[in-house]
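Report on one structure; see the data block that follows.
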Amino acid sequence: MTETPLLQVEDLRVSYQGRVGPVPAVRGISFTLGRERLGIVGESGSGKSTIGRAILGLLPRNATVAARRLRLHDTDLLHASERALRDIRGRRISMVLQDPKFSLNPVMTVGHQIAESYRVHRRASATEARRKTLEMLEAVRIDNPERVYDLYPHEVSGGMGQRVMIAMMLIPEPELLIADEPTSALDVTVQAQLLVLINELIARRGMGLILISHNLNLVASFCDRVVVMYAGRVMETCRAAELDRAQHPYTRGLLACRPLIDRAQPELPQLARDPSWLDGPVAA
Amino acid sequence: MIEIADVTISFGSGAHRIDAVRAVSFKVAQGEAFGLVGESGCGKSTLLRAIAGLQDTASGSIALAGQNMGAKRTRADRRLVQMVFQDPYGSLNPTHTVDRILSEPLAIQGLDNVDQRIEQALGEVGMGSQHRFRYPHQISGGQRQRIAIARALIMEPKILLLDEPTSALDLSVQAEILNLLRRVGRNRGLTMLMVSHDLPVIAHMCSRIAVMKRGEIVETLPVDRLRRGEADHPYTRELLASSLETTMAKAN
């Protein structure tokens with residue numbers, strides 16, 4: 001962690017306009033991020049993905065975002081103009097989504113897409129962009145970059161598609177990568193390889209990472225710190241290595257209901273939700 | 001209860017022929033829970049679909065409850081084996097109410113006491129009459145999977161096929177659904193065949209496991225041996241080792 005935090009989020013609140021009134025999705029979230037790996041875990045509907053999108057200003061029109069502070073270094077993300085935000089997205093903060101099948105442009109070759117992402121943010125000739133792209137494809141361990149450059153997204157596997165996505169997101173050299181369930185659509189063995197790859201790339205570039213996931217094991221083994229969310233609030237924040245010793249009953253309940261590979265359980269413990277988690281005081 | 005002998009399933013023909021499942025054989029006893037694991041594209045779901053009668057086989061035989069299943073299944077054959085799919089968002093018709101989803105199979109099979117059967121099936125999966133006239137989008141993902149299970153159970157099958165029944169669900173909901181499946185399996189003496197890529201889940205549910213790779217079964221082993229890490233085949237060991245904790249621990 002560094003002296004000046006990369007990202008500061010203070011009392012972030014997001015609500016969506018519903019038919020009967022505003023529906024709160026994120027209710028007063030605060031955290032700071034240095035050049036580290038922060039995991040945000042929670043179940044569906046906990047608001048974890050909304051946070052990632054709120055940081056990038058990518059929420060739909062019916063969402064209302066408020067915060068005491070939402071800053072990237074010294075840039076106020078909350079009051080930035082659309083024009084300023086467009087410059088930040090990709091160049092300073094980029095985002096990897098769950099399924100490469102939906103996040104890559106199906107009618108553009110993958111090389112072309114990566115090169116475009118470079119040229120939008122850096123002044124570069126087409127030749128230079130191509131050279132950079134081939135380098136980047138190599139960095140994400142694609143064996144034959146020249147060949148893959150000319151492939152369309154449907155011609156690559158899920159794992160390779162996600163590598164392409166990572167290449168595209170890292171080529172403008174952003175300071176912060178937000179990865180929203182980056183490996184959930186992939187096979188277990190491929191998942192592990194990709195995470196090792198992301199880990200190396202961000203370490204080498206000294207980037208910050210926010211990893212959003214529902215997978216406790218993944219976050220615990222990959223991140224430095226973990227934020228556990230429930231119903232739009234932070235239940236607890238702890239060091240990832242100490243997640244097994246988490247204090248909050250919600251975290252403990254989630255940990256307990258996983259089936260284990262090394263021993264048989266007659267019945268899985270079920271999570272009993274305590275209504276006080278919705279509005280009660282939150283542990284520091 | 002399930003006897004698979006030398007089953008091959010292929011797609012395409014001539015030079016474009018791909019064998020998705022190659023000469024696979026195994027047996028599952030009455031009341032046993034058997035698991036098929038492997039990565040995407042290994043043929044596990046295709047094999048399950050063939051057992052359900054949703055997919056033709058190129059060669060080999062499938063016998064269920066002692067009867068050889070031909071290319072055409074009778075109505076009784078179909079009732080014998082029911083399937084629960086991965087994605088409860090995709091497997092329930094969004095324009096049908098829960099009531100219609102559950103009554104349609106009853107109508108097809110010509111069963112009576114529709115009302116009573118629906119109430120009983122809802123109760124068995126932990127839901128009540130208040131959910132009966134809702135549409136799938138009005139209930140949660142876990143509740144949808146309960147409805148999909150109720151739709152299978154309402155046929156009183158002897159065999160339940162489970163294709164990744166919890167991989168689209170949250171951890172806490174997964175625990176509820178797995179407990180439910182084990183309970184109904186035990187109470188009804190169901191024979192279960194489950195497909196998953198998640199080793200802890202399949203170890204929790206099944207007593208024996210077959211590991212598939214590229215259309216073939218590379219190893220069949222009892223779950224106790226899997227738990228002790230005593231796998232013979234290198235691929236099974238690779239699957240065990242690729243659980244994320246170990247890989248990341250090495251990387252850090």
Projected label distance in nm at B:Q120 and A:H154, using a 7 Å step from Cα toward the beta-carbon:
4.8
Inter-part distance where region A:54-99 and region B:4-56 are each reduced to a Cα centre, Å
48
Compute, for region A:32-128, the length of the dipole vector about the Cα centre, with Cβ point charges of +1 (Lys, Arg) and -1 (Asp, Glu) only. Units Debye, rounded to 20.
200
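Roughly what % of DSSP beta bridges within chain B run antiparallel, to the nearest 5? Can you show the working numbers first?
Details: 20 of 38 bridges.
Of the beta bridges lying entirely in chain B, close to 55 percent run antiparallel.
Highest first, please rank the peptides A:140-147, A:235-242 by the mean number of other Cβ atoms sitting within 10 Å of their residues.
Highest to lowest by the protection proxy: A:235-242, A:140-147.
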I'd like the Kirkwood hydrodynamic radius of region A:69-138, using the inverse of the mean 1/r over distinct C-alpha pairs, in Å.
13.9
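How big is the antiparallel share of DSSP beta bridges in the protein assembly as shown, given as a percent to the nearest 5? Show your work: numbers first, answer last.
Details: 46 of 83 bridges.
Here the share of antiparallel DSSP bridges comes out near 55 percent.
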Which aspartates and glutamates have a Cα less than 15 Å from the Cα of B:K72, not counting those fewer than 8 places away in the same chain?
B:D56
For peptide A:189-198, what's the mean number of Cβ atoms from other chains within 10 Å of each residue's Cβ?
4
For chain A, calculated [θ]222 nm from helices alone, where every DSSP H run of n ≥ 4 adds -39500 (n - 2.57):
-10000 deg cm²/dmol
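Based on the alpha carbons, how large is the Rg to Rh ratio for chain A when Rh follows Kirkwood? Each step should come with its number before you reach the end.
Details: Rg = 19.6 Å, Rh = 20.0 Å.
Ratio of gyration radius to Kirkwood radius for chain A: 0.98.
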Under a 5 Å amide H to amide H cut-off, with H placed in plane at 1.01 Å, what residues pair with B:E219 once short-range neighbours are removed?
B:V211
So how far apart, in nm, are the two label points at A:N62 and A:E10 if each is 7 Å from Cα heading toward Cβ?
3.2
By the scheme Lys and Arg +1, Asp and Glu -1, what is the net charge of all other residues having a beta-carbon under 15 Å from that of A:D11?
+4
3J(HN,Hα) from dihedral phi, region B:196-210, Karplus parametrisation 6.51/-1.76/1.60, rounded to Hz, x for glycine, proline:
7, 9, 9, 4, x, 5, 6, 5, 5, 8, 10, 9, 9, 9, 10
Can you give the accessible area of A:D244 in Å² (nearest 10), computed on protein heavy atoms with a 1.4 Å probe?
110
Helix B:141-153 axis, angle to chain B major axis (alpha carbon atoms, nearest 10°)
80
Can you compute the charge dipole magnitude of chain B about its Cα centre, using +1 on each Lys and Arg Cβ and -1 on each Asp and Glu Cβ, nothing else charged? Give it in debye, rounded to the nearest 20.
260
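Region A:75-123: which trypsin sites (Lys or Arg not before Pro) are DSSP loop and have at most 15 other beta-carbon atoms within 10 angstrom? Walk me through the intermediate numbers first.
Working: sites: A:R83, A:R86, A:R89, A:R91, A:R92, A:K101, A:R119, A:R122, A:R123; in loops: A:R91, A:R92, A:R122, A:R123.
Sites meeting the loop and neighbour criteria: A:R122, A:R123.
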Search the structure for amide H atoms under 5 Å from the amide H of A:R69, placed 1.01 Å from N in the peptide plane, and list their residues when 5 or more places away or on another chain.
A:E10
Principal-axis tilt of helix A:188-205 within chain A, Cα atoms, nearest 10 degrees:
70
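Go ahead and estimate [θ] at 222 nm for chain B from helices alone: -39,500 (n - 2.57) per DSSP H run with n ≥ 4, summed, over the residue count, rounded to 500.
Working: 10 runs with 97 residues, N = 252.
-11000 deg cm²/dmol, from helical runs alone.
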P(r) of region A:100-173 over all Cα-Cα pairs, binned every 5 Å from zero, in whole percent:
3, 20, 33, 26, 14, 3, 0
Can you give the FRET efficiency to the nearest 0.05 for A:A203 and A:R131, using r as the Cβ-Cβ distance and R₀ = 25 Å?
0.55
Given the candidates A:P153, A:L7, A:L70, the one whose Cα lies deepest towards the positive end of the charge dipole of chain A, counting +1 at each Lys or Arg C-beta and -1 at each Asp or Glu C-beta, is A:L70
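Grab the other residues whose beta carbon is less than 12 angstrom from that of A:M95, score K and R as +1, D and E as -1, and report the net. Please report the intermediate quantities before stating the final value.
Details: positive: A:R53, A:R89, A:R92; negative: A:D180, A:E181.
Here the charged neighbours net out to +1.
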Local net charge near A:R147, Cβ-Cβ under 15 Å (Lys/Arg +1, Asp/Glu -1):
-2
With no solvent and one equal point scatterer placed on each C-alpha of the protein assembly as shown, evaluate the Debye formula and give log10 I(q)/I(0) for q = 0.08, 0.10, 0.11 Å⁻¹, two decimals.
-0.59, -0.92, -1.10
Compute the long axis of helix A:158-170 from its Cα atoms, compare it with the longest principal axis of the Cα atoms of chain A, and write down the angle in degrees, 0 to 90, nearest 10.
80
Which one of B:G43, B:G31, B:G229 has the biggest mean-square fluctuation once chain B is modelled by GNM with Cα springs under 10 Å?
B:G229
Calculated from backbone phi, Karplus (6.51, -1.76, 1.60) coupling profile of region B:16-28 in Hz, x at Gly/Pro:
8, 5, 10, 8, 7, 10, 10, 6, 8, 9, 6, 10, 10
Of the chymotrypsin sites (Phe, Trp or Tyr not before Pro) in region B:67-144, which ones lie in a loop per DSSP and count no more than 15 other C-beta atoms within 10 Å?
B:Y89, B:F133
Rule-of-thumb Rg ratio for region B:60-137 [Cα; 2.2 N^0.38 Å; N residues]:
1.30
³J(HN,Hα) computed for each position of region B:174-191 - Karplus, 6.51 cos²θ - 1.76 cosθ + 1.60, integer Hz, glycine/proline x
4, 4, 5, 5, 5, 4, 4, 5, 5, 5, 5, x, 5, 4, 9, x, 6, 8
Quick query: amide H of A:Y230 versus all other amide H atoms, modeled in the peptide plane; which residues come in under 5 Å with a sequence gap of 5 or more or a different chain?
A:M235
Determine which lysines satisfy two conditions relative to B:K213: a Cα distance under 26 Å, and not lying fewer than 8 residues away in the same chain.
A:K101, B:K27, B:K44, B:K250
Could you compute how much accessible area chains B and A hide from each other, both sides summed, with a 1.4 Å probe? Nearest 100 Å² is fine.
2800
Taking square-rooted eigenvalues a ≥ b ≥ c of the alpha carbon gyration tensor, is chain B rounded, prolate or oblate, where a/c under 1.5 means rounded and, failing that, a/b exceeding b/c means prolate?
oblate
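The values are calculated or read from the model by the stated rules, or taken from the named source; none is laboratory data. These numbers come from a predicted model, not from an experiment. Counting neighbours? That spans all protein chains shown, and the Cβs are built from the backbone with ideal geometry, glycine included. Areas reflect the complete protein model, heavy atoms only, side chains present, ligands, DNA and RNA absent. Shrake-Rupley method; radii C 1.70, N 1.55, O 1.52, S 1.80 Å.
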